[in-house]
Amino acid sequence: MEEVTGAQLIAESLKSQKVEYMFGIVGVPIIEVAMAAQAAGIRYVGMRNEQAACYAASAVGYLTGRPGACLVVSGPGLIHALGGMANANVNCWPVVVIGGSSDQNQETAGAFQEFPQVEACRLYSKFSARPSSLEAIPSVVEKAVRTSMYGRPGACYVDIAGDMVNAKVDRSKVRVLSCCPTPPVSVADQGAITEAISVLKEAKRPLVIIGKGAAYGRAETALREFVEMSGLPFLPTPMGKGVLPDDHPNCVAAARSRALLQADVVLLLGARLNWMLHFGLPPRFNPDVKIIQVDLCAEEMGNNVRPAVALLGDINAIVTQLLERVHEDGWKYSSDTEWWSALKDKIAANAKISKALALQSTVPMNYYTVFHHVSQLLPPDCIIVSEGANTMDIGRTMLNNYLPRHRLDAGTFGTMGVGLGFAIAAATVEKSENSKGQRIVCVEGDSAFGFSGMEVETMCRYNLPVVIIVVNNNGIYSGVDPETWKEMGKASSLKWFPAFYQL
Ligand code: ADP
Ligand code: MG
């Protein structure tokens, strides 16, 4: 009889579900889980804080399409990871968190780090459960991995009682589960495709919006052909940048406000009409705009704006359907329209303004000057990790992306402190899978950097190819002018800003 421990079952189940990366912090009761994971061939990265570990695991999910695992200890360890789970869930990125918890026979008795972990995770995840026995571990892990990727991706939680980690069971009694298949793909209803094409053909001022759902859905090849065949202008959202290169002739990012305000038809590909897109409503959108909404989540259809056409299904599949129609009909939106001229004029005018700012030589440098110089040094294939208030907002307009899934930022949840964890994830994947010497460049505001700054040590310990640039304005948002600084320093012992600490 061969015996197997709970730790081994967790690790082997993750590995057989093709979870290749685990980020965490070891401690009681999950030390053996990390060891078993390494023995099973999972790449384990020991971090400095569970929150950053969870950010890293979720970024692996976005970058590879398969969730990373985040391994945490009971109580505070799990609670630190909740920020990462929430961020992943809001971003629609798959991640699986494995949390050790107190021993089963000590529950409700005031056990070490006791906390209602399965319940706590429910608000932050799609699925939260504890295997009821060692034999149940493979099926619970399979369900967590599958649920994290199927439908709208998100976070899942598996709880493992401390006393189950080292408990043993006869291996022959454990049902082995093979790897769950990649998510099934659905196409849109053909009638809806016909309607969408006719709405597009009637558009006077059409616009394609490319969101991070298109990036996650790996729609880049079909999408490039569609944009080039149809001749439509496109606008990427922050993490939609790079699905098509920022310097593509159809990219109208430099005329973003005008494009959003005046478009009469928007083909919305994997982006939600939430705060990031001003809810799709006036004053930032035309009140009569017709939205053709493409999403795999049916409940998303109609949030804030009722779509003229709802195309439910996978973006890559649906763009391919649209492309077939465009091919058949030989239709192309003319490049000789008032809309294209208006967009091009605005792009030229805005480029002039940012160029003038970029060439200023005042000290301290303005953001445009900084990013102008940084952008000239960035390798075109680097992954840009960006966070901070002005650093991220202005950086987005100045730092180009040329490849899909090569920009990671504060995302839909607006989370600061994600950058270093994301960079560790990107660098770990690069080292293990590509090894093309691709650089990971973090462009951080000083405040954003401070949230997870200790993860620099993790980067050094694993020798990861990350470059960190901190744009230091000595504070949060825009920092403060010298007068305000003096007044605030005199008036109170306020230490809101790191800079005040020097007073
Ligand atoms: P952005 O930040 O770029 O605006 P969001 O995160 O708001 O993007 O929206 C992404 C959307 O993409 C989500 O509504 C999600 O359901 C959807 N999505 C994710 N993957 C796919 C896919 N493969 N096919 C279709 N829709 C997808
Ligand atoms: Mg700052």
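Close contacts from segment 1-21, counting a first residue that is surrounded by fewer than 20 Cβ atoms within 10 Å (Cβ to Cβ) and a second that is part of a helix (DSSP H, G or I), with Cβ to Cβ under 6 Å and a gap of 6+ residues or different chains, come to E2/R171; V4/R171.
Rundown of residues vs (1) under 27 Å from T320 (Cβ atoms); (2) under 20 Å from the mean Cα position of the chain (by Cα), yes/no style:
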{"residue": "D264", "(1), (2)": "yes, no"}
{"residue": "L269", "(1), (2)": "yes, yes"}
{"residue": "N274", "(1), (2)": "yes, yes"}
{"residue": "H278", "(1), (2)": "no, yes"}
{"residue": "I291", "(1), (2)": "yes, no"}
{"residue": "C297", "(1), (2)": "yes, yes"}
{"residue": "E300", "(1), (2)": "yes, yes"}
{"residue": "N304", "(1), (2)": "no, no"}
{"residue": "P307", "(1), (2)": "yes, no"}
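Right, L378: under 19 Å from the mean Cα position of the chain (by Cα) and either farther than 24 Å from E20 by Cα or not basic (K, R) (or both) or not?
Values: under 19 Å from the mean Cα position of the chain (by Cα): no; either farther than 24 Å from E20 by Cα or not basic (K, R) (or both): yes.
No: the conditions fail for L378.
All of P307, P233, P287 fail the test of being more than 11 Å from ligand 1 (Cβ to nearest atom) and either touching a residue at least 60 places away in the same chain (Cβ under 8 Å) or within 24 Å of N401 (Cβ to Cβ) (or both), apart from P233. Among helices (runs of 4 or more DSSP H) entirely within segment 353-449, having at least 3 residues that are away from ligand 1 (no atom under 16 Å from the Cβ) and either of a type in the set (A, V, I, L, M, F, W, C) or assigned by the TED database to the domain that holds R224 (or both) singles out 367-377, 419-429. Among the conditions (1) closer than 24 Å to F371 by Cα; (2) within 16 Å of ligand 2 (Cβ to nearest atom), the only one that R439 does not satisfy is (2). Within segment 213-238, the set of residues being over 14 Å from L268 (Cα atoms) and among the hydrophobic types (A, V, I, L, M, F, W, C) comprises A222, M229. Among the criteria (1) in a helix (DSSP H, G or I); (2) surrounded by fewer than 22 Cβ atoms within 10 Å (Cβ to Cβ), the one M164 does not fulfil is (2).
Table: residues versus (1) closer than 29 Å to M398 by Cβ; (2) surrounded by fewer than 22 Cβ atoms within 10 Å (Cβ to Cβ); (3) in contact with a strand residue (DSSP E or B) (Cβ under 7 Å, 6 or more places away or on another chain).
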| position | (1), (2), (3) |
| --- | --- |
| G240 | yes, no, yes |
| V243 | yes, no, yes |
| V309 | no, no, yes |
| G313 | no, yes, no |
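Number of residues in segment 261-286 that are within 11 Å of L207 (Cβ to Cβ) and part of a helix (DSSP H, G or I): the value is 2. Residue count for segment 133-155, restricted to those that are within 16 Å of ligand 1 (Cβ to nearest atom) and surrounded by 24 or more Cβ atoms within 10 Å (Cβ to Cβ): 4. Of the strands (runs of 3 or more DSSP E) lying entirely inside segment 18-94, those containing at least 1 residues that are charged (D, E, K, R) span 43-46. Taken residue by residue, segment 458-471 has at least one member that is buried (at least 19 other Cβ atoms within 10 Å of the Cβ), away from ligand 2 (no atom under 16 Å from the Cβ) and either at pLDDT below 80 or closer than 26 Å to H372 by Cβ (or both).
Tell me, please, whether a residue that is within 16 Å of ligand 1 (Cβ to nearest atom), out of contact with any Lys or Arg (no Cβ under 8 Å at 6 or more places or on another chain) and not in a helix (DSSP H, G or I) can be found in segment 188-205. Reasoning before the result, please.
Taking segment 188-205 as the starting set, the residues that turn out to be within 16 Å of ligand 1 (Cβ to nearest atom) are 188-189, 192-193, 196.
Those left that are additionally out of contact with any Lys or Arg (no Cβ under 8 Å at 6 or more places or on another chain): 188-189, 192, 196.
Add one more test, that the residue is not in a helix (DSSP H, G or I), and what stays is 188-189.
Scanning segment 188-205, I find at least one residue that is within 16 Å of ligand 1 (Cβ to nearest atom), out of contact with any Lys or Arg (no Cβ under 8 Å at 6 or more places or on another chain) and not in a helix (DSSP H, G or I), so the answer is yes.
So which residues in segment 398-439 are closer than 19 Å to C92 by Cβ and among the acidic types (D, E)? Selection gives D409 alone.
Here is a yes/no grid of residues against (1) in contact (Cβ under 8 Å) with a residue 24 or more places away in the chain; (2) farther than 20 Å from R218 by Cα; (3) in a helix (DSSP H, G or I):
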{"position": "I318", "(1), (2), (3)": "yes, no, yes"}
{"position": "H327", "(1), (2), (3)": "yes, yes, yes"}
{"position": "Y333", "(1), (2), (3)": "yes, yes, no"}
{"position": "W339", "(1), (2), (3)": "yes, yes, yes"}
{"position": "K346", "(1), (2), (3)": "yes, yes, yes"}
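For segment 108-121, which positions are part of a loop (DSSP other than H, G, I, E, B) and either in contact (Cβ under 8 Å) with a residue 24 or more places away in the chain or buried (at least 17 other Cβ atoms within 10 Å of the Cβ) (or both)? Residues satisfying the conditions are A111, F112, Q113, E114, F115.
The values are calculated or read from the model by the stated rules, or taken from the named source; none is laboratory data. Keep in mind that this is a model prediction, so the values were computed, not measured. Heads up, the Cβs are rebuilt from the backbone with ideal geometry, glycines too, and the neighbour counts pull from every protein chain shown.
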